[in-house]
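Worksheet for the structure shown next.
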Amino acid sequence: MHGVVWYKKGIVLRGVGNMKRILSIVFCLALTMRLVAGGAPTDFEKNLKADPEKGYEDAVILLETGEINNTYTREMSKTKYLMRMKIFTRKGIEDYGTVKLSFDPQDENIGDIHATVWTPDGRKHVLNKKDIHRKKVSKEWGMKVTEISFALPGLEVGSIAEYSYYHTYNGLQSINTWYSQHPIYCFRSEVTVIPWPYLRWGYVGGNLHAQPEVEHKKKSARGQYVHFTMKDIPALPEEDYSLPYNSRREYIAVYYMDVNWKFTDYWKDRGDRYYERTLKKMFKPCGSTRKVVKKEMPGLSSDSAIEKIHNYVIKHYTPISTMAKDDISKLDDKYIKKLSHATTVSKMMKLPYLLGYQLNYIEGALIHTALPDAQIAYVFYSPWNNRLFNKDLHTLSQFSGAMLRVTYKGKVHYLEPSKRLLPADTVEYGAKSVPLLILDPKNGTRVEKINADKPEANVTKVNIDVAFGDDNLSLHLVQYLNQYESYKLRKTLYFFNDKEKQDVLETRLKKQFGDKAKVVSQKVINLKDIHKPLILDMKFTVPFELEEAGDQTFFKPVGLSRYLTNPFNAEKRFSSIVFKYPYIVEQKLVYHLPEDFSLVSVPKKENIKLFYFGYAISFTKVDDHTFTVETKEHMDRNMFNSTSARMFKNYFDQVISVSHPTIVLKEAE
């Protein structure tokens, strides 16, 4: 059964595969497929010229093919990928001449990398294996990924380039996604998906500009595969301050369905049944939860009771997803077996390392034990900075997060113990202003949103002391981060060694003060106390220049704005404008002039105001050798449509102008 539904923003494709579900799965693989590479350039490819109106000015994708095989082995899935393109300009070489890939070595691998370039004079260049570079990179929660990079060999303007590789990963991917849209125009993108033959599966498409060609083929008496072809896909540039790129691209998702039911209202019925059949049992008080409450939390009834329970859970249990740099060796086969058999809260509470949903179950059961009047709803969400909730994708696997929504004494609490560095009553900013699936035993399953914060909830304060040296300014920065910036940095710094911490903080510093900023010392305060704001204490230098004109000297202060360039300078905006969250940034700088100079004058106060945002800057002369600068930036709303781009361009032009003033000095008498 297949269907296509038209919407204003394009086509949404839906389909269901004719797969059988059985109790025991027997492995069967009877298909070998070949990706068709283009070989030597065709006359069409040789004669193809740039066409800016169509979206290929610097480069164009001629062909992109893939095969996603969930039946590669009993334990492993495999994706084959091939990309073929033509380069028209030097900028095309700069943007697409180097290929970068990454994978998690614990569960994945990338191999069989090949690349070939045909230059306009007919020469053929083949990638040498020694020119493929690999390095380990630390990510959030201490995860180590392997990054691969290689330059397309012999690339010059007018070349045809092609590269291919395979990507393997353990187990089945619940959702197999093929993205067919790129920053440059693509003539043809096609993918074959081979699902596991004994699971019911379906597919959906999103952000589609036209209906793909869909072909179902039998691969055996017990299964089939499906092939999708997309043609003439328009370019979609990557843009700052927008939804994640993958959320905006055209895609096809082949997924395994949670259940075989055909609900009238799928998500309501699915959620109600999930709560009734699973969560109701898990949240029920048991002997283990009563024992903990009696011993660790006697007489709980105050407004802080829920926070105390949350703190107990994150102290005594570690989410496996955050163990990348912990002692992962403890998760041996014996432990994994215990984990898989932990089907009750009592069994889960005996294990120190758990999956995210298991921590939710424990916390919910403890709350119901200690506070019988508390109402507990379960919330599935996909933050907008990851992947948005798709109602046509009928699987709970699409959600990247789950949390508890507890109502007690008229107050609503959101709790997510699997994010162990996130305090109680703090929701990731990406989970706000987007649809959430709320499984509520009292009011039924529904889709609802959490309103974005008021800016006063996210205040960052910065103090900077600036002294003049011979060639450099010496700065001492103390930054008190808001709740979200504290959480974001903790997810990396908490697990990093000193060198990795220094690299992260130095990169952050250079975004505001330029690439020539040089760190002298740094200190991170409250790193392990998640209930306090993270404080960065950094000393560093930046070069400066004095300009002379007659008997006066001029210089431009640094650090008055977080923006060195206007992020909205592009002539055309393709996507909506999204800031992380509403916020306030308050900054105070104290400048100490050298003894041989005195202050003549400071600029006047400026206050830039637009509908939902503003920037104010004021200067104060303290004495002949000292002046202060205070700035306040606020954003009252964080999501705007693309037509607001011109307004933002004008706003940031003004901010950059007033935050780079000229200070007038004279030689001291």
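The values are calculated or read from the model by the stated rules, or taken from the named source; none is laboratory data. Predicted, not measured: the structure shown is a model, and the values here were computed from it. Using ideal geometry, Cβ is built from the backbone for each residue, glycine included, and neighbour counts are taken over all protein chains shown.
Report those strands (runs of 3 or more DSSP E) wholly inside the range 431-530 carrying at least 3 residues which are surrounded by 15 or more Cβ atoms within 10 Å (Cβ to Cβ), touching a residue at least 40 places away in the same chain (Cβ under 8 Å) and not assigned by the TED database to the domain that holds residue 614. So that I can check it myself, show each step before the final result.
Numbers: elements: 436-439, 446-448, 459-468, 472-480, 518-525.
Counting at least 3 such residues, we get 436-439.
When you scan the range 30-55, how many residues do you find that are under 14 Å from residue 84 (Cα atoms), modelled with pLDDT of 90 or more and surrounded by 12 or more Cβ atoms within 10 Å (Cβ to Cβ)?
So the first thing to find is which residues in the range 30-55 are under 14 Å from residue 84 (Cα atoms), and the list is 35-42, 44-46, 48.
Subsequent filtering for residues that are modelled with pLDDT of 90 or more retains 40-42, 44-46, 48.
Checking which are surrounded by 12 or more Cβ atoms within 10 Å (Cβ to Cβ) leaves us with 41-42, 45-46, 48.
Residues meeting the conditions: 5.
In the range 583-603, what residues are buried (at least 20 other Cβ atoms within 10 Å of the Cβ), touching a His at 6+ places or on another chain (Cβ under 8 Å) and not aliphatic (A, V, I, L, M)?
583
Which of the numbered conditions does residue 284 fail, given that it passes all the others? Conditions: (1) at pLDDT 95 or above; (2) surrounded by 19 or more Cβ atoms within 10 Å (Cβ to Cβ); (3) part of a loop (DSSP other than H, G, I, E, B).
For residue 284, the exception is condition (2).
Restricting attention to the range 591-599, does a residue exist that is of a type outside the set (Asp, Glu), touching a residue at least 24 places away in the same chain (Cβ under 8 Å) and not in a strand (DSSP E or B)?
Here is the first cut: in the range 591-599, the residues of a type outside the set (Asp, Glu) are 591-594, 597-599.
Checking the rest, the ones that are also touching a residue at least 24 places away in the same chain (Cβ under 8 Å) come to 591-594, 597-599.
Next, only the ones that are not in a strand (DSSP E or B) stay: 593-594.
Looking for residues that are of a type outside the set (Asp, Glu), touching a residue at least 24 places away in the same chain (Cβ under 8 Å) and not in a strand (DSSP E or B), one finds at least one in the range 591-599, hence yes.
Just give me the residues in the range 421-430 being within 16 Å of residue 400 (Cβ to Cβ) and of a type outside the set (A, V, I, L, M), in sequence order. Outline the logic, then answer.
Kept after step one, since they are within 16 Å of residue 400 (Cβ to Cβ), are these residues of the range 421-430: 422, 427-430.
Hits for the range 421-430 are 428, 429, 430.
Do we find that residue 65 is under 28 Å from the mean Cα position of the chain (by Cα) and β-branched (Val, Ile, Thr) in this structure?
Judged against the criteria, residue 65 is a match.
Filtering the range 532-548 down to residues that are part of a strand (DSSP E or B) and over 20 Å from residue 508 (Cβ atoms), which residue is nearest to the chain's Cα centre (by Cα)?
Residues of the range 532-548 that are part of a strand (DSSP E or B), as a first pass: 535-543, 547-548.
With over 20 Å from residue 508 (Cβ atoms) added as a condition, the list becomes 547-548.
Working: 547: 43, 548: 47 Å.
Looking at residues that are part of a strand (DSSP E or B) and over 20 Å from residue 508 (Cβ atoms), I get 547.
Considering each residue of the range 549-566, count those that are more than 16 Å from residue 660 (Cβ to Cβ), touching a residue at least 24 places away in the same chain (Cβ under 8 Å) and in a loop (DSSP other than H, G, I, E, B), and give that number.
1
So is residue 362 of a type in the set (Val, Ile, Thr), more than 21 Å from residue 444 (Cβ to Cβ) and surrounded by fewer than 20 Cβ atoms within 10 Å (Cβ to Cβ) or not?
Criteria not met by residue 362.
Against the condition assigned by the TED database to the domain that holds residue 58 and at pLDDT 95 or above, how does residue 170 come out, does it pass?
Details: assigned by the TED database to the domain that holds residue 58: yes; at pLDDT 95 or above: no.
Taking the combined requirement at face value, the residue does not satisfy it.
Taking only the range 393-418 into account, find how many residues are of a type outside the set (Phe, Trp, Tyr) and within 17 Å of residue 434 (Cβ to Cβ).
Of the residues in the range 393-418, 9 are of a type outside the set (Phe, Trp, Tyr) and within 17 Å of residue 434 (Cβ to Cβ).
With 382, 397 as the choices, which residue is surrounded by fewer than 20 Cβ atoms within 10 Å (Cβ to Cβ) and over 26 Å from residue 528 (Cα atoms)?
Every option except 397 fails the conditions.
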